[in-house]
Amino acid sequence: MRTKLAFRFVLAVVLGMTVLLSSTPARSQSDLENALEQFDIGSVTGYIQPMADLFGANMNAGFYHSAAIPTAGLTLSIELIGMGSLVSDDDKTYTANAPAGFSPATFQTATIFGENGTTISHDLDPTIQFSGSDGIIDASLFPLAVPQLRVGSIYGTEFTVRLIGTPSFDDDAFPSTTLFGIGARHSVSQYIPAAPLDIAVGLFYSSFTVGEIIDFKGLSIGAQASKSFSVLDLYGGLAWEQSTMDLVYTSTVPGVGKVDIELDGDNSFRFTVGAGLSLAVFHIFADANFGSITNFSGGIGLGF
Amino acid sequence: MKRNLLLLLLVGFVIAGSGCSIFDPFFIAVNIEGLSGRYNIDMSDPAALTYDESVTVLASDYLNPDFSGDIEDVSIYDITVQTEGDYTGSVNGEVWASYPGAPLTLIATYSGNWDVFKTPQSLLQALLGNNPNIIPQLGALGFLVGGINAEQDITLSSTGFVSQSSAATNLFVIVAVFGQVLAAP
């Protein structure tokens, strides 16, 4: 019971991509890894694809809340960013394959965001049954939280770094995680003195690993614009983005063996609108992101 | 310490605000592994071309120890019979199962050329009418489900006869049960 509760707590925490600042390599199988190993390649794709979509959209969010970048001088901002992707009804079920020869050949069952898995009976002998797993994560908004450091400015260029790790918990009931992100933005409006808005372009790369089996990567390239009104900043942007989730494990399904797949996140383009308040060295900001995945991000910052 | 506290507060805020939690309970469809028998058939004596072999599989072997929580349900989705080794004759046999407190129960019968069984012959294919070499006993799977649900050691037996003698010593009949246990971590 202690392990079960700890696993659930830790999974909830890690889903927020959390907390402690050190990372310990996982030495043994975690509960999450054990769960994934029950799937063959076809089933695990449908089961976990929504996580690839939603987490990918989260990773590429919250990189900016203004397009104003000074051309020179030291700027520094330490920020805490929270983001969340909306979980739709479509993210909660998928079409799974039954074993070869089973009738029906396919059935609808829960993804990792669904509720109860479906059990089907063979059309010709109801004692022959096959089941899908239950969902694990109950969420209407799939969250992520990261610390972020922004440093500038060199010829109107600002650099952003994200880094956070969680150690493995409770005898490796959940594996260690590491999130790393790095990016740069460059002021375009410095070349356009008469520009009514601040304009910048940026590129960001992110990675996130869970134990030895899950590896996310994200890339975002975009342009941003903002306008300041006293303490109020309005900002927005367009971005092309890509995210992938690599999954490597050995399946326990008979005859399957090693599974090594790469799932692409659904979001490839986003339109961002947001607003922020700057009060001396404190900043608070929030934005909405629209694309294949609807995503929200916001945070607080301390800097100059 | 202050930094960790601030991060914890933020994460708590994000998670609480998102309504994100873990389903309680949740059950994973865990594959039953190794519930099978591999029987070495001795065909060296032309006067004794029958076989009757048994293998007992411990519950601790076929149930995944990583899912030690409650068993919500058990399902069986296929049984296969396979031969291994070079032999030119035919094989006819039965698959039986038993576990403590339950009678020996016939699960399926099989017959055909030895070579045909080198490809596992599936109960599912038989149900679809695609495989005349294996005949399942309707309802017998419920017997196996009961044993697995009770986490019993299960004995799989195969009895039968072959059509002609052979000096080969590496001839096997393999019976495998495929199923799932809905279990919590």
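Looking only at the stretch B:57-102, which residues are among the hydroxyl-bearing types (Ser, Thr, Tyr) and in contact with a strand residue (DSSP E or B) (Cβ under 9 Å, 6 or more places away or on another chain)? I'd like the intermediate steps shown before the answer.
To start, the set of residues in the stretch B:57-102 that are among the hydroxyl-bearing types (Ser, Thr, Tyr) comprises B:60, B:62, B:68, B:75, B:77, B:80, B:83, B:87-88, B:90, B:98-99.
Scanning the stretch B:57-102 gives B:TYR62, B:SER68, B:SER75, B:TYR77, B:THR80, B:THR83, B:TYR87, B:THR88, B:SER90, B:SER98, B:TYR99.
Checking B:ALA126 against (1) farther than 30 Å from B:PRO185 by Cβ; (2) part of a strand (DSSP E or B); (3) among the small types (Gly, Ala, Ser): exactly one of these is not met. Which one?
Condition (2) is where B:ALA126 drops out.
Could you list, ordered by first residue, the pairs with Cβ atoms under 6 Å in which the first is in the stretch B:18-41 and more than 9 Å from chain A (Cβ to nearest Cβ) and the second is part of a loop (DSSP other than H, G, I, E, B), at least 6 apart or interchain?
Going by the 6 Å Cβ cut-off, the qualifying pairs are B:ILE41/B:LEU171.
Which of the residues spanning the stretch A:111-137 are more than 7 Å from chain B (Cβ to nearest Cβ), more than 32 Å from the chain's Cα centre (by Cα) and buried (at least 22 other Cβ atoms within 10 Å of the Cβ)?
Selection gives A:ILE120 alone.
Residues checked against (1) part of a strand (DSSP E or B); (2) hydroxyl-bearing (Ser, Thr, Tyr); (3) under 16 Å from A:ASN60 (Cβ atoms):
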{"residue": "A:ALA194", "(1), (2), (3)": "no, no, no"}
{"residue": "A:ILE199", "(1), (2), (3)": "yes, no, no"}
{"residue": "A:GLY202", "(1), (2), (3)": "yes, no, yes"}
{"residue": "A:THR209", "(1), (2), (3)": "yes, yes, no"}
{"residue": "A:GLU212", "(1), (2), (3)": "no, no, no"}
{"residue": "A:PHE216", "(1), (2), (3)": "yes, no, yes"}
{"residue": "A:LEU219", "(1), (2), (3)": "yes, no, yes"}
{"residue": "A:GLY222", "(1), (2), (3)": "yes, no, yes"}
{"residue": "A:LYS227", "(1), (2), (3)": "yes, no, no"}
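Is the stretch B:137-157 home to any residue that is part of a strand (DSSP E or B), buried (at least 18 other Cβ atoms within 10 Å of the Cβ) and either among the charged types (D, E, K, R) or in contact with a helix residue (DSSP H, G or I) (Cβ under 7 Å, 6 or more places away or on another chain) (or both)?
Yes, that holds for at least one residue.
Table: residues versus (1) buried (at least 23 other Cβ atoms within 10 Å of the Cβ); (2) touching a Ser or Thr at 6+ places or on another chain (Cβ under 9 Å); (3) within 25 Å of B:VAL177 (Cα to Cα); (4) more than 10 Å from chain B (Cβ to nearest Cβ).
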| residue | (1), (2), (3), (4) |
| --- | --- |
| A:ASN60 | yes, yes, no, yes |
| A:HIS65 | yes, yes, no, yes |
| A:ALA68 | no, yes, no, yes |
| A:SER85 | yes, yes, no, no |
| A:SER103 | no, no, yes, no |
| A:THR109 | yes, yes, yes, no |
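For the stretch A:133-159, enumerate the residues that are closer than 17 Å to A:GLY62 by Cβ and touching a His at 6+ places or on another chain (Cβ under 9 Å). Explain how you work it out, then say what you get.
Taking the stretch A:133-159 as the starting set, the residues that turn out to be closer than 17 Å to A:GLY62 by Cβ are A:141-151, A:158-159.
Matches in the stretch A:133-159: A:GLU158 only.
Taking the stretch B:43-67 as the search range and keeping residues that are surrounded by fewer than 15 Cβ atoms within 10 Å (Cβ to Cβ) and part of a loop (DSSP other than H, G, I, E, B), which one is nearest to the other protein chains (Cβ to nearest Cβ)?
B:PRO65
Could you check the stretch B:127-161 and list, in sequence order, the residues that are aliphatic (A, V, I, L, M) and more than 9 Å from every other protein chain (Cβ to nearest Cβ)? It would help to see each step written out before you state the result.
Within the stretch B:127-161, the subset aliphatic (A, V, I, L, M) is B:127-128, B:134-135, B:138, B:140-141, B:144-145, B:148, B:150, B:154, B:156.
Within the stretch B:127-161, B:ILE134, B:ILE135, B:LEU144, B:ILE148, B:ALA150, B:ILE154, B:LEU156 meet the criteria.
Here is a list of conditions, (1) crowded, with 16+ Cβ neighbours inside 10 Å; (2) without any contact (Cβ under 8 Å) to a residue 40 or more places away in the chain; (3) under 16 Å from A:THR45 (Cβ atoms), and A:LYS258 meets all of them except one; can you say which number that is?
Of (1) crowded, with 16+ Cβ neighbours inside 10 Å; (2) without any contact (Cβ under 8 Å) to a residue 40 or more places away in the chain; (3) under 16 Å from A:THR45 (Cβ atoms), only one is false for A:LYS258: (1).
Name the residue that is nearest to the other protein chains (Cβ to nearest Cβ), counting only residues in the stretch A:144-167 that are closer than 20 Å to A:PHE296 by Cα and modelled with pLDDT under 90.
So, considering only residues that are closer than 20 Å to A:PHE296 by Cα and modelled with pLDDT under 90, the one nearest to the other protein chains (Cβ to nearest Cβ) is A:ALA145.
Please verify whether B:SER122 is within 14 Å of chain A (Cβ to nearest Cβ), of a type outside the set (Val, Ile, Thr) and buried (at least 18 other Cβ atoms within 10 Å of the Cβ), treating the condition exactly as stated.
On the way: within 14 Å of chain A (Cβ to nearest Cβ): yes; of a type outside the set (Val, Ile, Thr): yes; buried (at least 18 other Cβ atoms within 10 Å of the Cβ): yes.
Yes: the conditions hold for B:SER122.
Going by the structure shown, is B:ILE79 of a type in the set (A, V, I, L, M), over 22 Å from B:THR155 (Cα atoms) and buried (at least 21 other Cβ atoms within 10 Å of the Cβ)? Steps first, answer last, please.
Values: of a type in the set (A, V, I, L, M): yes; over 22 Å from B:THR155 (Cα atoms): no; buried (at least 21 other Cβ atoms within 10 Å of the Cβ): yes.
No, not satisfied.
Taking interchain pairs and intrachain pairs at least six residues apart, which have beta carbon atoms under 8 angstrom, with the first residue in the stretch A:279-291 and under 16 Å from A:PHE269 (Cβ atoms) and the second of a type in the set (Phe, Trp, Tyr) and surrounded by fewer than 17 Cβ atoms within 10 Å (Cβ to Cβ)?
That search, which allows pairs on different chains as well, returns A:ASN289/A:PHE271; A:PHE290/A:PHE271; A:GLY291/A:PHE269; A:GLY291/A:PHE271.
Look through the stretch A:70-83, keep the residues that are in contact with a strand residue (DSSP E or B) (Cβ under 7 Å, 6 or more places away or on another chain) and over 12 Å from A:ALA145 (Cα atoms), and return whichever of them is surrounded by the fewest Cβ atoms within 10 Å (Cβ to Cβ). Full working, then the answer.
We begin by selecting, within the stretch A:70-83, every residue in contact with a strand residue (DSSP E or B) (Cβ under 7 Å, 6 or more places away or on another chain); these are A:70-73, A:75-83.
Now narrow it down to the ones that are over 12 Å from A:ALA145 (Cα atoms): A:70-73, A:75-78.
Details: A:PRO70: 13, A:THR71: 14, A:ALA72: 11, A:GLY73: 9, A:THR75: 15, A:LEU76: 12, A:SER77: 19, A:ILE78: 14.
In this case the residue turns out to be A:GLY73.
So which pairs qualify, if the first residue must be in the stretch A:104-128 and more than 14 Å from A:ASP138 (Cα to Cα), the second must be hydroxyl-bearing (Ser, Thr, Tyr) and surrounded by fewer than 14 Cβ atoms within 10 Å (Cβ to Cβ), the Cβ gap must be under 9 Å, and the two must be at least 6 apart or on different chains?
Short answer, once both residue conditions are applied: A:THR106/A:THR95; A:PHE107/A:THR95; A:GLN108/A:THR95; A:THR109/A:THR95.
So, of the residues in the stretch B:60-84 that are touching a helix residue (DSSP H, G or I) at 6+ places or on another chain (Cβ under 8 Å) and among the small types (Gly, Ala, Ser), which turns out to be modelled with the highest pLDDT?
Applying the filter and picking the extreme gives B:SER75.
Going by the structure shown, is A:PHE216 away from chain B (no Cβ under 14 Å), surrounded by 16 or more Cβ atoms within 10 Å (Cβ to Cβ) and aromatic (Phe, Trp, Tyr)? First the steps, then the outcome.
Details: away from chain B (no Cβ under 14 Å): yes; surrounded by 16 or more Cβ atoms within 10 Å (Cβ to Cβ): yes; aromatic (Phe, Trp, Tyr): yes.
So A:PHE216 passes the test.
The values are calculated or read from the model by the stated rules, or taken from the named source; none is laboratory data. Since the structure is predicted, the reported quantities are computational estimates derived from the model, not experimental observations. Neighbour counts run over all protein chains shown; Cβ positions are idealised from the backbone, glycine included.
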